[in-house]
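Chemist: The structure follows.
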Amino acid sequence: MSAEPLLSVDAIDSGYGDTQVLRELSLAIDEGEIVSLVGRNGAGKTTTLRTIIGILTPTSGTIRYQGEDISTLDATETVTRGLALVPEERQIFPELTVRENLQIADHGGASDVDSLSIEEALEMFENLKERTENAGSSLSGGEQQMLAIARALVGGADLILLDEPTEGLAPYIVQDVMDIVRELNDRGITVLLVEQNVHVCLELADRNYVINQGEIVYEGTAAELEANDEILDRYLGVTA
Amino acid sequence: MIGGILQQLVDGLTIGVVYVLLAAGLSVIFGVMHVINFAHGELFALGAYFALALIAPFGGTAFFAALFVAPLLVGIIGVAIERFTVRPLYGRNPLYHILLTFGLVLVINDLIYLIWEPGNVNLPTPAILSGTIDVVGLNASVYNVFVIVFGAAMALSVWAMLEHTKYGLIIRAGSQDRQMVRNLGIDIDRYYSLVFGMGAALAAVAGIILGGYQTVSPEMGMSVIIPAFVIVVLGGLGSFKGAVAGGLLVGIIQTLLRTYAPILEGTVIFLLMIGILLVRPRGLFGVEMEEEGGELLTGSGGVLDDRTRKWVGLAAVGLLALLPLGAGTFYSTYTVTLAIEILVWALFALSLDFVMGYTGLVSLGHALFYGLGAYAVAIALLHVSQSAFVAIGLAIVISAAIAWVVGYLSIRVSGVYFAMITLGFAELFYNMLYRLEITGGSEGLFGISTYYGIAGVGIALDEIGLFLGPVTLTGQSLFYYIALAALIGSFLLTRRMLNSPFGSVLKSIRENEQRATFLGYETTRYKRRAFVVSGALAGLAGGLFTLNSGYAAPSFAYWLHSGEVIVMVILGGMGTLYGPIVGATVFFGLEEILTGFTPRWRLVLGTIFLLFVIFLPRGLVSLPARLKPLVTRDSGPGAEPAPDDSHMRGDD
């Protein structure tokens, strides 16, 4: 592992208008890791991702990516450096076809990992390959999730911020999504996974951060978290 | 007969193509930026005037060069407009874009008057486009054929650009979800200027080809903008396909009606739009769009406490009551006439504020009710009774009844569509005024006299004069008190309503309609009731005007009137009831002062209004609260030490 993490978030405050959501939140991700950020509804998970990608600007603290300060950059700038957000509820373009949804992301971001061509991405997601000319809105929830991930790959992401990728999906599709996340990781892509579902995190992530009321309250490997009944019970509502 | 119809179809297609080019830009601009661009008609006129200027030195042959260069220039102006006026308003409620572009209409239109001569001018066309040509047995003018072919080629290339280029892909994606486009690393704001510029250029092309077909005049923009909106709305806001289908449809229908059923011309397209919106609230090809956030910025939250406010109000009323006494001594009697106009418009603005500022219903057709009141009074006085009381009573009842019908039909659609459907109703009424016999056609009704009383007993103000020592109260002065009483009465009535539980529901609807629904309120019914009250008060305002002036004209219901009253509400401060009164006073005061210096007062007024929308959207009444920190800092007791000074700033 390199000396400096790929992404380091150092004591950031962030929120919406006068409402502060994140309080001195810090976390770090090394290249090639899958790291999860897990917590209850309203804990600040999505706010963390939105601040990292640049939709929100932290009011204090710094965010560094590949050694550079990206705290004040907006989304259009962070994405060209190799970050990608796969937002909650996927947010694919409903009126565009599957192919167009991928084309729009294909604008050559600066990237260590070679960005996937549209054909390569379609090769990876077989369901999508059969429906390239269908409108995004005609896809099922799981397929939309795949499309949103494929879009990030076509955009040349090195670090993907995945916001609740399994939310609202049937259990067997959750398994498909988890397989995809592993496959991404095998291709050398780093993943920050935000989840409410602890089991997904425990199964996928190398390390886990537990967030509560805008603060990181725990950090540990899957095995450590799984063994820590107190944290599981207190912050995640899981009784072992 | 068949030949005649075919000929009509060719003419209809020609006009249709002009509409398509105009509506396409309008629709795409809305789709991507959610901006309702009222200035689009003025850009259209600018295109024709630029072409006129370019062709003048060279003659008709320069037409083709102008067809290329003029749209380019207008496109650049479009980019500048987007960058410097539209851009600061992104993220606010789309209403502010309507207001902004309405201000631009005033400014650009007056600039056209300033630079070019008023009146109709012919746009020279090249010899090659004159004469006729045989098309499948039909003798068509070469110019028509050129317009249809050229316009079709333009529309096709815009379509191809939208469908098959990266630029078009980004525009289409942006019209569905702007933030997500940004999340993909695309700086969509850069594309906004281009889209606006492109729309402006298309409008310019439309202006040039219509100028060559008919004539060029400063009013040409105003006359096409409303049909263009109808097309965009009935086709579906943001849909290119809808703009094309709607443009051709309206062009052909209008042309056919002009020949075969002139009485329906001008009304059918509005009926068509209203009908389509009622069946398909998103238009023919419209799709569900992300709901625009951005609250309406009200002017509430002043610096005065309730007690002081009450005293200021009473003092203002007292001063107003004294105003006619000084007429003829301290100032001319014209002051009273002007003051009556201000009172009437203040009442009109107050009526709009009641629905716009308190329930968030942006009525773009409020002149409908003003016109209804005016005509109801005129017709009642001419045909029913000469009693002013009977006439004004009828005006209120009729305006309220029509407001209920309009409200019933239009409140089911929301936001921009509501604005458009109310505009449609007002234009429908405006066009009917021209065509009906009972309303006196384009001349309107005039020479109406009345008396204040009932059943033949009362007084006529025209022939009265009260002599109180040095003070003379003319009939005009006495009417002033009637208008003042109507305004104060309406103010107290609406304020009382707003302080009742009914008012709380209205305000909760403005803040968040869905939450009001979750609390168990049937919001549609509350909105409709508020709309009826507002319509009745607007009718009262229009009725008062006709009572005093003795005439009613179709222009009362013109869309510019609806726009002006919105200007007054915003100028003063929406959602305050007294703000619109301040706004009406300042509006007429400015007009009065400016007309003394320049006939182009709209240019100055429009500019002031633009600055207001951009920098002071909460209106004049918010000024004291904004200035307060500055004032308190300057007039602090003695020299404040520096740290305290910074503390004050931190407080803001």
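Every number in this text was worked out from the coordinates using simple rules, so none of it is lab data. A quick note: this is a predicted structure, and the numbers were derived from the prediction, not measured. Note: ideal-geometry Cβ built from the backbone for every residue, glycine included; neighbour counts use all protein chains shown.
Chemist: For the pair residue B:449 and residue B:190, how long in nm is the line joining their label points, each one 7 Å along Cα→Cβ?
Modeler: 7.3
Chemist: Could you work out how far the C-alpha centroid of the range A:1-30 sits from that of the range B:487-559, in angstrom?
Modeler: Using only Cα atoms to place each centre, the spacing works out to 50 Å.
Chemist: What net charge is computed for the residues neighbouring residue B:222, neighbours being all others with C-beta under 15 Å from the C-beta of residue B:222, Lys and Arg scored +1, Asp and Glu -1?
Modeler: Around residue B:222, the surrounding residues sum to -4.
Chemist: Using only the Cα atoms, what convex hull volume per residue in Å³ does the range A:46-89 have?
Modeler: Normalising the Cα hull of the range A:46-89 by residue number yields 66 Å³.
Chemist: Sorted by packing (mean other beta-carbon atoms within 10 Å per residue), highest first, where do B:135-146, B:272-283 land?
Modeler: B:272-283, B:135-146
Chemist: Another question, if that's okay. Assigning unit charges at the beta carbon (Lys, Arg +1; Asp, Glu -1) and nothing else, what dipole magnitude in debye, to the nearest 20, does the range B:2-279 show about its Cα centre?
Modeler: 660
Chemist: As a quick test, which of the pairs A:45/B:166; B:310/B:628; A:45/A:129; B:310/B:507; A:45/B:507 have an alpha carbon distance above 30 angstrom in this structure?
Modeler: Too far apart for the 30 Å limit: A:45/B:166; A:45/A:129; A:45/B:507.
Chemist: Give a residue-ordered list of calculated ³J(HN,Hα) values for the range B:485-500 (Karplus: 6.51 cos²θ - 1.76 cosθ + 1.60, θ = phi - 60°; whole Hz; x for Gly, Pro).
Modeler: So the Karplus estimates, Gly and Pro as x, are 4, 4, 5, 5, x, 5, 4, 5, 4, 5, 5, 4, 4, 6, 7, 8 Hz.
Chemist: How high is the FRET efficiency from residue B:142 to residue B:592, r the C-beta distance, R0 56 Å, rounded to 0.05? The partial results should precede the final answer.
Modeler: Working: r = 51 Å, r/R0 = 0.92.
It comes to 0.60.
Chemist: Cα centroid distance between the range B:203-270 and the range B:148-195, in Å?
Modeler: If you average the Cα positions of each part, the centres end up 24 Å apart.
Chemist: Of the peptides B:610-619, B:512-521, B:442-451, how do they stack up when ordered by the mean number of other Cβ atoms within 10 Å, highest first?
Modeler: In decreasing order of mean packing, B:610-619, B:512-521, B:442-451 become B:610-619, B:442-451, B:512-521.
Chemist: Can you run phi through the Karplus equation (6.51, -1.76, 1.60; θ = phi - 60°) for the range B:64-72 and list ³J(HN,Hα) in whole Hz, with x for Gly and Pro?
Modeler: Calculated HN-Hα couplings, in order: 5, 5, 5, 5, 9, 6, 4, x, 4 Hz.
Chemist: Based on the Cβ-Cβ distance of residue A:130 and residue A:74, what FRET efficiency does E = 1/(1 + (r/R0)^6) give at R0 = 35 Å, to the nearest 0.05?
Modeler: Efficiency at R0 = 35 Å is approximately 0.45.
Chemist: What are the aspartates and glutamates whose alpha-carbon lies under 12 Å from the alpha-carbon of residue B:527, with same-chain residues fewer than 8 places away excluded?
Modeler: Result set, ordered by chain and number: B:513.
Chemist: Mind pulling up the Rg/Rh value for the range B:334-625? Radius of gyration and Kirkwood radius, both on Cα.
Modeler: 0.98
Chemist: I need the P(r) histogram for the range B:2-279: all alpha carbon pairs, bin width 10 Å from 0 out to the longest distance, whole percents.
Modeler: 7, 29, 36, 21, 6, 1
Chemist: Could you tell me, in Å, what Rg and Dmax come out for the Cα atoms of the protein assembly as shown?
Modeler: 31.7, 101
Chemist: To two decimal places, what compactness ratio does chain B give when its Cα radius of gyration is scaled by 2.2 N^0.38 Å?
Modeler: Details: Rg = 26.3 Å, N = 652, 2.2 N^0.38 = 25.8 Å.
The value comes to 1.02.
Chemist: Please list, in order, the residues from the range A:201-240 whose amide nitrogen is less than 17 Å from a point placed 7 Å along the Cα→Cβ vector of residue A:175.
Modeler: A:201, A:203-204
Chemist: Could I ask something else about it? Under 5 Å between amide H atoms, partner at least 5 residues away or on a different chain: which partners does residue B:551 have, H built in plane at 1.01 Å?
Modeler: Under 5 Å from the amide H of residue B:551: no residue qualifies.
Chemist: Would you mind computing, in nm to one decimal, how far apart the modelled labels at residue B:512 and residue B:150 are, each placed 7 Å from Cα along Cα→Cβ?
Modeler: Output for this residue pair reads 5.4 nm.
Chemist: Tell me, how many Å apart are the Cα centres for the range B:37-83 and for the range B:309-330?
Modeler: Here the two parts' Cα centres lie 51 Å apart.
Chemist: With a 10 Å Cβ neighbour count serving as the proxy for reagent exposure, in which order, fewest first, do B:345, B:559, B:404 appear?
Modeler: Numbers: B:345 25, B:559 21, B:404 16.
Ordered from fewest to most neighbouring Cβ atoms within 10 Å, B:345, B:559, B:404 come out as B:404, B:559, B:345.
Chemist: Could you give the length gained by full extension between residue B:241 and residue B:84, i.e. 0.36 nm per residue of separation minus their alpha carbon distance, to one decimal place?
Modeler: Result for the pair: 53.5 nm of gain on full extension.
Chemist: Also, I was wondering about something else. Let's test this: bin the Cα-Cα distances of chain A at 5 Å from zero up to the farthest pair and state each bin's percent.
Modeler: The distribution over chain A is 1, 7, 14, 19, 20, 17, 12, 7, 3, 0, given as percents.
Chemist: While we're on this one: Helix-only estimate, please: 222 nm mean residue ellipticity of the protein assembly as shown, summing -39500 (n - 2.57) across DSSP H runs of length 4 or more and dividing by its residues, to the nearest 500.
Modeler: The helix contribution divided over the protein assembly as shown gives -19500 deg cm²/dmol.
Chemist: Evaluate the distance, in nm, between pseudo-label points positioned 7 Å from the Cα of residue B:64 and of residue B:485 along their respective Cα→Cβ axes.
Modeler: 7.3
Chemist: Apply the Karplus curve 6.51 cos²θ - 1.76 cosθ + 1.60, θ = phi - 60°, to the phi angles in the range B:8-18 and return the couplings in whole Hz, x for Gly and Pro.
Modeler: The phi angles translate into 4, 5, 4, 4, x, 5, 4, 5, x, 4, 4 Hz.
Chemist: Another question, then. Expected output is a single nm value to one decimal: the length gained when fully extending between residue B:464 and residue B:437, i.e. 0.36 nm times separation in residues minus the C-alpha distance. What is it?
Modeler: Details: separation 27, 0.36 × 27 = 9.72 nm, distance 3.31 nm.
My answer for the length gained is 6.4 nm.
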